[in-house]
Structures are given as structure tokens and as C-alpha cells.
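Chemist: Following this message is one structure expressed as C-alpha cells.
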Amino acid sequence: MSVMVHDPGFGVGDSLVGSSQEDIFAKLNPAASAVFSTIANATPAQLDWPATPARASDPLVEPCSSFLKAPALATALGVATVGEYADSAALPSDIVSLDSVALTDAGFVDCFAEAGFDARASFVLALDNAAIVDRIAAGLGPNSDEHLDRLMGQTGSEKAVSNCVAGRPNCDLWFSLGADAIFVSSISSDSKAIAQAIIAQAR
């Protein structure tokens, strides 16, 4: 498990400048303590995540393009073309991160394509795990950065949760599509455009 400190002002007002390491850890400590306490008191069933194993992948099907073909991704990003989806197996074997290990172990698929300097083309497929979005939605509180969202083309009980707001330079968007959960992280307008392109291709 890892705890990340997100500083919204960094790179704009450099809000951490002038803060000592001790100051930062002192402010982080209550949140970190709550996280570790919750994990320590969790039942084995709660720690068994994801509870639903992802479906077996078909070696004849490229999962990323099966959810969003390259031309539709380029259109969503407003660029002429995008590169081929990166194959995580092609990365050097000595590059290992907690994120990559966790994604692989959970059966998730990380989709990334080069789209130029001003566009990010990335999303994560959590196959057979639409319940993840339900859990995120159920945990929203009045002070949450995230909020319930709605995407064009969603039907029935499908949900979307995001922290996307006008003028936000980066945003995270979770949404369910049938039995699957999908996570998109990009600039605000691009995240919704990518999500809605995935839904349009499915329907």
C-alpha cells in the first residue's frame, strides 16, 4: 500500500515551498493513521479485493482497442492521430512499480497511446468489476472532491464518479459500462470525451 500527497498548488503557486519535511509529515499523519488503522481492523473478506476475478483475456483480442479504437480515441482528444496502444509486457523488466504490480495482479488492463504533447490518452479497464464504481459512489460525502457524474450513453444502473470541474487541469473519472469499470485520467474535457467514446463504441 502507498500513500500519496497531492498538492493542487504545486507548479502554480508552489504551495509546498517554505514547508519543512516535518511540517508536511505532521499534517499527513492524521490521514495516514486513519488509513492504516482501517486496514488493520479490516476483515479478511474486506481485504480480498477485487472479490470478482477478471475474465480470462483472449490472446486474439487486443483489449484496449476492443474498447476504443485508435481513430475514435484521436477524435475524442481532438488530434489527427494517436500511436498504437502500449504493451505493458514490452516494458523493460527492471521497471517495476506498485501501481503496475497491483494492476496486473487484479487483472486490470492499462491502456496508453501517444497522442502528442498537449493530449493524454490513457485509461484502465477493470473487467467484470463494475461494483468498484458502485462502492466509490456509495462512499461519497459532502466534503468529497469527487461527485456523481453522468455520461452520454450510460443506461440503467451504470454510474460515473469524477472530480472533473470546469477549469480543472487534471481530473479522474470512474464509470461503469455493463459489467466493467473503467478509469480515465486526463484533462477535464478529455476525460469525459474518452469515456463517452468508449461508451459509444460499445453501443
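The values are calculated or read from the model by the stated rules, or taken from the named source; none is laboratory data. Keep in mind the model is a prediction, meaning the values are calculated, not measured. Cβ sites come from the backbone with ideal geometry, for glycine too, and all protein chains shown count toward neighbours. Areas reflect the complete protein model, heavy atoms only, side chains present, ligands, DNA and RNA absent. Shrake-Rupley method; radii C 1.70, N 1.55, O 1.52, S 1.80 Å.
Chemist: Could you pull out the residue among Leu148, Leu173, Leu177 that is modelled with pLDDT of 90 or more and surrounded by fewer than 18 Cβ atoms within 10 Å (Cβ to Cβ)? Let's see the steps before the verdict.
Modeler: Values: Leu173 fails: surrounded by fewer than 18 Cβ atoms within 10 Å (Cβ to Cβ); Leu177 fails: surrounded by fewer than 18 Cβ atoms within 10 Å (Cβ to Cβ).
Of Leu148, Leu173, Leu177, the one residue that is modelled with pLDDT of 90 or more and surrounded by fewer than 18 Cβ atoms within 10 Å (Cβ to Cβ) is Leu148.
Chemist: When the residues of region 112-121 are narrowed to those that are open to solvent by 20 Å² or more (accessible area, probe 1.4 Å) and in contact with a strand residue (DSSP E or B) (Cβ under 9 Å, 6 or more places away or on another chain), which ends up farthest from Ile198 (Cα to Cα)?
Modeler: Among residues in region 112-121 that are open to solvent by 20 Å² or more (accessible area, probe 1.4 Å) and in contact with a strand residue (DSSP E or B) (Cβ under 9 Å, 6 or more places away or on another chain), the one farthest from Ile198 (Cα to Cα) is Glu114.
Chemist: Identify the single condition in (1) open to solvent by 20 Å² or more (accessible area, probe 1.4 Å); (2) modelled with pLDDT of 90 or more; (3) in contact with a helix residue (DSSP H, G or I) (Cβ under 7 Å, 6 or more places away or on another chain) that Val161 does not satisfy, given that it satisfies every other one.
Modeler: Status for Val161: all satisfied but (1).
Chemist: Please enumerate the residues belonging to region 60-80 that are in contact (Cβ under 8 Å) with a residue 24 or more places away in the chain and not in a helix (DSSP H, G or I).
Modeler: Going residue by residue through region 60-80, those that are in contact (Cβ under 8 Å) with a residue 24 or more places away in the chain are 63-64, 67-70, 72-79.
Residues satisfying the conditions are Leu68, Lys69, Gly78, Val79.
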